[in-house]
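**Q** Pasting in a structure now, in structure tokens, and then I'll have a few things to ask.
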Amino acid sequence: IMIGTGRGAQNGILIKNAAALENATHLDVVIFDKTGTLTLGKPEVVEVAAAPGRSEADVLTLAAGMEQHSEHPLAHAILERSKGMQALPAEGFTNIDGMGARARSEGEPALVGNRRLMDAERVDLAGMEATAERMAGGGRTVVHVARGGKLWGLIAIADAVRPTSAAAVEALKKRGVDVAMLTGDNRATAERIGRELGVTMVLAEVLPGQKADQVKALQAQGKKVGMVGDGINDAPALTQADVGFAIGAGTDVAMESADVVLMRSDPFDVVAAVGLSRVTLRKMHQNLWWAVGYNVIAFPFAAGVFYPLTISPEMAALAMSGSSLIVAANALLLKRANVEGLK
């Protein structure tokens, strides 16, 4: 176990306990939280569409006035795009979990968020439903911006997929591990990204507080579940999972809740961790069988059961030492074992 965890640490995979090393061997499914794990977690505004009678500047300044009160990654993307613009004032900012936010702007109620928020607040979409569907179909996250009960416009935000994400998904499947992608995005956007990555189990429109429930649902089917995340909202799911993997670039809370920390923030390190756990467990079984088999044969000889065939105390001591050396040498071979993703 020490050699296995040590080799993982040399490759930026910090395995906190022996239980995690063993459980990773038996995983049936790994759930990746999309943002910051399969994607880079650096979303950018790629398109702005204004409603009739409004301009792109109107949409961005209203959104920026509200999002300056938020810590959400999408808010940072909007603020970056609207740099140099005079944001419209917003007060009474309230976050709406999994949907967006509301505030008051120049005396009118203002909203920024997804389609569910607009429907819940009965916002007039100004005939822009088709535009929103087109944006979402391209794998983008669509942010609706509204004030006074009317839609001002749409902001399409894209988060680039990590270069190794698709390879990680494929490699896990080859090892008999199913892969799921979990996201709060609408289903069209989520399925578009899922197809790009080769993920067929897409868990879309999941609120932050529901992530642990998704893990529980799979565990209720008798599956061993791994969870990969990076944010504060992922912490309950990381704790609930049989093995929690935290991205090293994520929050301290996520890393504290996880069993394994991926310091390189590379999703392919999940593949390496699973491979390392399987090789390590195989070495443990080999050593166990050798030790048991040796003792079953050697003890009767040392006790004189096969007299007149005997073994002297000196030879018995040397043989016992030799057995221990064989076990140690076999364990050391783990350092040179071929594990995909490890150096």
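**Q** Sticking to Cα atoms, compute the Rg of the chain to one decimal and its Dmax as the biggest Cα-Cα distance, whole number, in Å.
**A** 27.2, 105
**Q** Among 312, 257, 265, which one moves the most in a GNM of the chain with springs linking Cα atoms closer than 10 Å?
**A** 312
**Q** Count the lysine pairs in the chain whose Cα atoms lie under 15 Å apart, taking only pairs 8 or more positions apart in sequence or on different chains.
**A** Numbers: 34/42; 34/211; 173/224; 216/224; 283/335; 335/343.
Close lysine pairs found across the chain: 6.
**Q** For residue 187 paired with residue 56, estimate the spin-label separation in nm (one decimal), with each label point 7 Å from Cα along the Cα-to-Cβ line.
**A** Each label point is offset 7 Å from its Cα along the Cβ direction, giving 3.3 nm.
**Q** Report the gain in length on full extension from residue 337 to residue 264: 0.36 nm times residue separation, minus Cα-Cα distance, nm rounded to one decimal.
**A** On the way: separation 73, 0.36 × 73 = 26.28 nm, distance 2.11 nm.
Residue separation times 0.36 nm, minus the Cα-Cα distance, leaves 24.2 nm.
**Q** Just to be sure I understand: with springs between alpha-carbon atoms less than 10 Å apart, which residue in 111, 325, 60 has the highest mean-square fluctuation in the Gaussian network model of the chain?
**A** Of 111, 325, 60, the most mobile in the Gaussian network model is 325.
**Q** If each of residue 85 and residue 120 carries a label point 7 Å out from its Cα toward its Cβ, how far apart are those two points in nm?
**A** Placing both labels 7 Å beyond Cα along the Cβ direction yields 2.5 nm.
**Q** Rank 30, 45, 260 by mean-square fluctuation in a GNM of the chain with C-alpha springs under 10 angstrom and give only the top-ranked residue.
**A** 45
**Q** Quick one: dipole size for region 166-271, taken about the Cα centre, charges +1 on Lys/Arg Cβ and -1 on Asp/Glu Cβ, in debye to the nearest 20. Before the final figure, lay out each step's value.
**A** Numbers: 11 positive and 15 negative charges, 89 e Å.
Charge dipole of region 166-271: 420 debye, to the nearest 20.
**Q** If you don't mind, there's one more thing I want to ask. Given 0.36 nm per residue, what is the gain on full extension from residue 42 to residue 19 after removing their alpha carbon distance, in nm? Can you show the working numbers first?
**A** On the way: separation 23, 0.36 × 23 = 8.28 nm, distance 3.34 nm.
Fully extending the segment from residue 42 to residue 19 adds 4.9 nm.
**Q** Compute the length gained on full extension between residue 297 and residue 175: take 0.36 nm times their separation in residues and subtract their Cα-Cα distance, giving the result in nm to one decimal.
**A** Taking residue 297 through residue 175 to full extension adds about 40.2 nm, to one decimal.
**Q** Still on this model: Would you list 40, 238 from fewest to most Cβ contacts within 10 Å? The partial results should precede the final answer.
**A** Values: 40 17, 238 30.
Exposure proxy ranking, most exposed first: 40, 238.
**Q** Further question: Please find the FRET efficiency linking residue 288 to residue 195, where r is the Cβ-Cβ separation and R0 is fixed at 45 Å, and quote it to the nearest 0.05.
**A** Values: r = 44 Å, r/R0 = 0.98.
The pair residue 288/residue 195 has a calculated efficiency of 0.55.
**Q** Loop only by DSSP, 12 or fewer other Cβ within 10 Å of the Cβ. Give me the trypsin sites (Lys or Arg not before Pro) in region 1-88 that pass, ordered by residue number.
**A** Working: sites: 7, 16, 34, 54, 81, 83; in loops: 16, 54, 83.
Answer in residue order: 83.
**Q** Taking 7 Å along the Cα-to-C-beta vector as the label spot, tell me the residue 130-residue 315 distance in nanometres, rounded to one decimal.
**A** Inter-label distance under the simple model: 9.3 nm.
Every number here is computed from the coordinates shown, using simple stated rules; none is lab data. None of these values were measured; they are calculated from a predicted model. In this analysis, Cβ positions are derived from the backbone assuming ideal geometry, glycine residues included, and neighbour counts consider all displayed protein chains.
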